[in-house]
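The values are calculated or read from the model by the stated rules, or taken from the named source; none is laboratory data. Owing to the predicted nature of the structure, the values given are computational and were not obtained by experimental measurement. Heads up, the Cβs are rebuilt from the backbone with ideal geometry, glycines too, and the neighbour counts pull from every protein chain shown.
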Amino acid sequence: MTSYDDADTVIFPAGAATQTSAAEAARGEWDAVVVGGGMAGSIVADQLSQAGYEVLILEAGPGKDLDLAEYESYLSRFYGAVVKDNQSPYPFNPNARMPRSTDTMPVRPDTPRDDFYLVQEDKYCTDTTFTRVLGGTSMHWEGKALRMLPEDFNLKTKYGQGLNWPLSYDDLEPYYRQAEAELGVAAEVEDQAYLGMHFPQGYVFPMHRMPPSYLDQTVARGVDGMRVNLADDDYTLQVRSFPQARNGVPNAAYDGGKGFVPVGAVSTSQVEEGERCQGNTNCVPICPVQAKYHAGKTLAKALRKGNVKIVTQAVASKVEIDEQDRRVTGITVKNYQSLASDSYETYTVKGTVYILCAHAIENARLMLASDMQRMSRSKLIGRNLMDHAYLLSWG
């Protein structure tokens with residue numbers, strides 16, 4: 001069985017140049033320009049780097065390479081914060097603001113407020129709090145890595161609500177497995193095979209499930225086996241472990257018996273072992289031992305290859321488009337000097353392919369700011385934002 005002591009620690013070769021300046025980036029032409037150094041941007045950059053392409057990542061937030069010292073500074077800020085919301089580990093950045101928990105309320109005539117980053121005037125209110133630092137929202141996510149149910153793709157047919165997806169669960173199933181490998185998901189197939197969710201014969205998750213807590217076991221004694229009726233269907237309840245993107249015990253049967261090697265801490269300067277999940281109470285917003293997956297683990301792999309560069313403190317402000325052929329010709333960025341200053345310089349970077357990975361809200365905002373709605377056939381940019389409902393109980 002693969003032991004946790006064999007976990008990879010991602011380090012960079014001595015003198016590896018992973019960052020570049022905005023001015024230098026604007027002088028060349030890249031195979032791909034990726035906006036956003038979060039989970040999606042890092043995975044895209046890693047995949048392209050494996051294929052030998054030259055990739056530039058534009059990151060609005062501060063950060064160097066998510067090295068150990070920087071990660072520790074985030075922890076220290078979190079420990080010292082009076083209000084420990086999702087953004088408390090990260091410094092206030094007037095040049096690339098991000099929503100705070102206090103933004104998650106609708107603005108009504110009797111409560112006029114316009115100082116939030118997200119000003120929400122409708123009766124419906126999103127409580128999304130995406131993070132604008134290198135690593136993106138993976139720097140504060142809960143690490144839950146659920147697959148969607150097969151019926152989720154056919155809501156119109158099954159429940160008469162919404163629209164059916166053009167894709168099915170079976171279409172996405174192979175990609176779920178790829179994602180579970182990249183994130184290092186801990187779960188058991190026998191727990192997750194419910195309500196039609198199915199897996200290929202012999203598949204196991206990279207790591208065994210996180211053990212149920214005492215509270216989980218106590219609730220399960222009263223809930224397991226209970227029957228409920230929903231939309232004329234009967235279901236049997238069972239308390240299950242969430243699939244978690246957290247280092248646990250590697251499954252020796254993974255990948256046909258090859259096992260799984262988890263990624264520990266990432267550092268640009270020294271070897272760090274990282275840790276298995278220790279059950280800390282503050283994995284949200286930040287795991288003290290880097291047991292929880294964050295995009296820096298994928299980004300580190302991409303950066304080691306030498307053909308991926310990062311420009312931080314570079315806020316993508318406009319997608320440049322040729323009016324004649326409607327093709328993107330560049331991304332204009334505002335490269336600010338520091339968090340304490342509002343001065344910046346403007347550059348335009350060019351590539352063969354441009355990929356926006358800046359979050360559902362930021363992607364739409366950037367496209368609308370670039371007047372792309374006018375050129376859109378559907379006129380749906382920034383519309384139909386969807387999120388998942390959830391209920392959390394904290395103690």
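Laid out as a table, the results:
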| quantity | calculated |
| --- | --- |
| Matching residues in region 59-93 - criterion: being part of a loop (DSSP other than H, G, I, E, B), within 29 Å of VAL308 (Cβ to Cβ) and of a type in the set (Lys, Arg) | LYS64 |
| Test for ARG246: is it of a type in the set (Lys, Arg) and touching a helix residue (DSSP H, G or I) at 6+ places or on another chain (Cβ under 6 Å) | no |
| Looking only at region 150-179, and only at residues there that are basic (Lys, Arg) and without any contact (Cβ under 8 Å) to a residue 12 or more places away in the chain, the one that is surrounded by the most Cβ atoms within 10 Å (Cβ to Cβ) | LYS158 |
| Within region 183-286, strands (runs of 3 or more DSSP E) holding 1 or more residues that are modelled with pLDDT under 90 and under 27 Å from ASP46 (Cβ atoms) | 263-266 |
| Qualifying position, being part of a strand (DSSP E or B), surrounded by 13 or more Cβ atoms within 10 Å (Cβ to Cβ) and assigned by TED's automatic domain parsing to the domain that holds LEU339, among ALA45, ALA96, ALA32 | ALA32 |
| Residue match in region 308-319 (condition: at pLDDT below 95, hydrophobic (A, V, I, L, M, F, W, C) and more than 14 Å from LEU56 (Cβ to Cβ)) | no |
| Among the residues listed as ALA253, ALA265, the single one being touching an Asp or Glu at 6+ places or on another chain (Cβ under 7 Å) and either crowded, with 20+ Cβ neighbours inside 10 Å or over 30 Å from LEU68 (Cα atoms) (or both) | ALA265 |
| Subset of region 132-161 (residues that are assigned to a loop (DSSP other than H, G, I, E, B) and closer than 30 Å to GLU188 by Cα) | GLY135, HIS140, TRP141, GLU142, GLY143, ALA145, LEU146, ARG147, MET148, LEU149 |
| Residue list for region 290-318, restricted to those being at positive phi and among the polar types (S, T, N, Q) | GLN290, GLN313 |
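Conditions tested, residue by residue: (1) surrounded by 17 or more Cβ atoms within 10 Å (Cβ to Cβ); (2) modelled with pLDDT of 95 or more; (3) farther than 28 Å from THR18 by Cα.
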{"position": "GLN50", "(1), (2), (3)": "no, no, no"}
{"position": "TYR53", "(1), (2), (3)": "yes, yes, no"}
{"position": "ILE57", "(1), (2), (3)": "yes, yes, no"}
{"position": "ALA60", "(1), (2), (3)": "yes, yes, no"}
{"position": "SER73", "(1), (2), (3)": "no, no, no"}
{"position": "LYS84", "(1), (2), (3)": "no, no, yes"}
{"position": "THR104", "(1), (2), (3)": "no, no, yes"}
{"position": "PRO109", "(1), (2), (3)": "no, no, yes"}
{"position": "ASP114", "(1), (2), (3)": "no, no, yes"}
